[in-house]
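Okay, here's the structure, questions in a sec.
Every read-out reported here was derived from the displayed coordinates using simple, explicitly stated rules and does not represent laboratory data. The structure presented is a predicted model; accordingly, all values stated were derived computationally and were not measured. Quick reminder, even Gly has a Cβ in these numbers, built from the backbone with ideal geometry, and neighbours come from all protein chains shown.
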Amino acid sequence: MNPKVSFIVPCYKLGHLLAECVESILMQTYRDFEVLIMDDCSPDNTPVVARSFKDLRVKHIRNEPNLGHLKNYNKGIGLSQGEYIWLISADDSLRSAQILERYVELMEKNPRVGYVFCPAIKIVNQEERGVMKYSEVSPTDTIIGGHRFLAEHLLRLNIVPSPAAMARKKHYIEFGSFPSDLPHTGDWYLWSMFALFSDVGFFAEPMVNRRFHDQNMSSDFFKEAVLAVFENNLAVPLRVQERAKREGFDPVVEGCKRALATEYLRQATPAKPGDVVQVGLSDAEFEDSLRSHVQDPDDQTAIRAHVYGGLADYHYEERDYRRGRQYYELALRQNHRMPKVWAKYCLLRMGSVGTILREGVSRLKRRVRRISPGKREAR
């Protein structure tokens with residue numbers, strides 16, 4: 001009889017952390033699972049550690065030769081026998097012995113839920129650094145409609161910590177597992193595609209450890225290929241948008257457009273020293289990329305207006321009022337029906353008086369936000 005859950009544990013040069021990860025799985029109160037240690041031809045003691053477990057649910061699969069992380073993930077998915085798949089790297093671990101029981105219970109009771117996750121605790125050099133704030137979606141356990149989750153959270157940022165999520169295997173099969181051309185955002189793409197056709201479960205308690213160190217795959221990627229990461233970041237909303245158009249999910253299509261504009265603005269904002277995930281696109285590079293990836297002229301215009309307006313705000317905050325004014329003018333040429341941009345532009349043209357008025361309004365807004373409970377948003 002097949003197990004209900006398959007844990008896929010990819011391991012490469014992480015033999016010294018593998019035992020902690022697997023032991024955190026074996027301590028679970030829910031017992032119907034298998035553990036596939038996907039040893040990607042690791043040159044360390046991974047085989048020795050993997051063979052040390054006496055539990056028959058733990059299986060060691062060694063690749064010869066090395067496949068690379070995405071092919072290793074997909075091989076594990078293909079070998080898995082469970083109805084649910086939990087992919088957790090050998091350097092991460094589960095904090096709670098009840099997490100699997102809680103996940104399975106929610107998924108069994110709610111067939112519309114495609115995957116479930118919780119916030120993660122950040123671990124750096126064996127030291128806990130607190131909850132990863134962007135992964136906190138709600139102060140309470142909840143089930144979120146997939147399209148709402150995309151619009152309010154996921155299209156703007158991958159807020160699902162990869163070791164904290166369990167998904168139905170049928171979704172991996174339907175969407176082709178991890179795409180080989182998205183080495184930096186494959187999980188984000190899959191969470192987004194799953195949410196197009198299912199709801200998302202969330203537990204508020206942080207029950208997973210997410211480790212950061214020099215050998216993290218994500219850390220290496222961001223250092224060596226900033227432009228490639230940027231291209232992958234664009235690919236996620238573009239591909240989700242394409243599928244959403246075919247399915248007639250118009251609100252999701254609009255959300256994808258906003259996500260593209262947000263990513264372009266982030267990358268067009270001048271990079272700060274030490275920022276390894278920000279390209280710092282020039283105006284010409286932004287225009288070339290926009291024309292290359294977005295074919296609809298109306299969508300191009302809307303994205304330009306958003307980006308130029310955001311760049312104007314950035315330069316205003318930096319006290320570069322000349323460039324701020326230039327970008328406000330560029331934004332309004334793209335779309336003259338933006339009352340907030342008009343207001344900022346007019347205040348800027350008023351000189352010091354306008355600056356005083358604008359800063360006064362900003363202080364008032366901040367005071368109102370502190371007083372009012374407001375809407376919690378993931379960062």
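Nearest 5 percent is fine: what portion of the DSSP beta bridges confined to the chain is antiparallel?
The antiparallel fraction comes to roughly 35 percent.
Still on this structure, I have one more. Summing Lys, Arg as +1 and Asp, Glu as -1, what charge do residues with Cβ under 12 Å from the Cβ of PHE286 carry, PHE286 excluded?
Local charge sum for PHE286: -2.
While we're looking at this one, here's another question. Please sort by residue number the trypsin sites (Lys or Arg not before Pro) in the stretch 297-350 whose DSSP state is loop and whose Cβ has at most 14 other Cβ atoms within 10 Å.
Answer in residue order: ARG319, ARG337.
Of LYS13/LYS169; LYS4/LYS170; LYS75/LYS170; LYS71/LYS169, which sit over 19 Å apart, Cα to Cα?
LYS13/LYS169
Sort the stretch 265-353 into rounded, prolate or oblate with this rule: let a ≥ b ≥ c be the square roots of the eigenvalues of the Cα gyration tensor; rounded if a/c is under 1.5, and if a/c is not under 1.5, prolate when a/b is larger than b/c, oblate otherwise.
oblate
Quick one: net charge around ARG168, please, counting Lys, Arg +1 and Asp, Glu -1 for every other residue with C-beta under 13 Å from its C-beta.
My count for the surroundings of ARG168 gives 0.
Using 0.36 nm per residue of separation minus the Cα-Cα distance, give me the extension gain between TYR30 and ALA97 in nm, one decimal.
Value of the extension gain: 23.3 nm.
In deg cm²/dmol and to the nearest 500, what is the mean residue ellipticity at 222 nm of the chain if only DSSP H runs of at least 4 residues count, each as -39500 (n - 2.57), divided by the residue total?
One gets -15500 deg cm²/dmol as the mean residue ellipticity at 222 nm.
Just to confirm a number: summing +1 for Lys and Arg and -1 for Asp and Glu over residues other than ILE37 whose beta-carbon lies under 9 angstrom from that of ILE37, what do you get?
+1
Choose one answer from GLY176, GLY309, GLY146: the residue with the largest mean-square fluctuation in a GNM of the chain with alpha-carbon springs under 10 Å.
It is GLY176.
Using only the Cα atoms of the chain, what do you get for the radius of gyration and for Dmax, in Å?
23.0, 75
If you don't mind, there's one more thing I want to ask. Please find, in a Gaussian network model of the chain (springs between Cα atoms separated by less than 10 Å), the residue of HIS16, HIS69, HIS153 whose mean-square fluctuation is greatest.
Judging by the Gaussian network model, the answer is HIS16.
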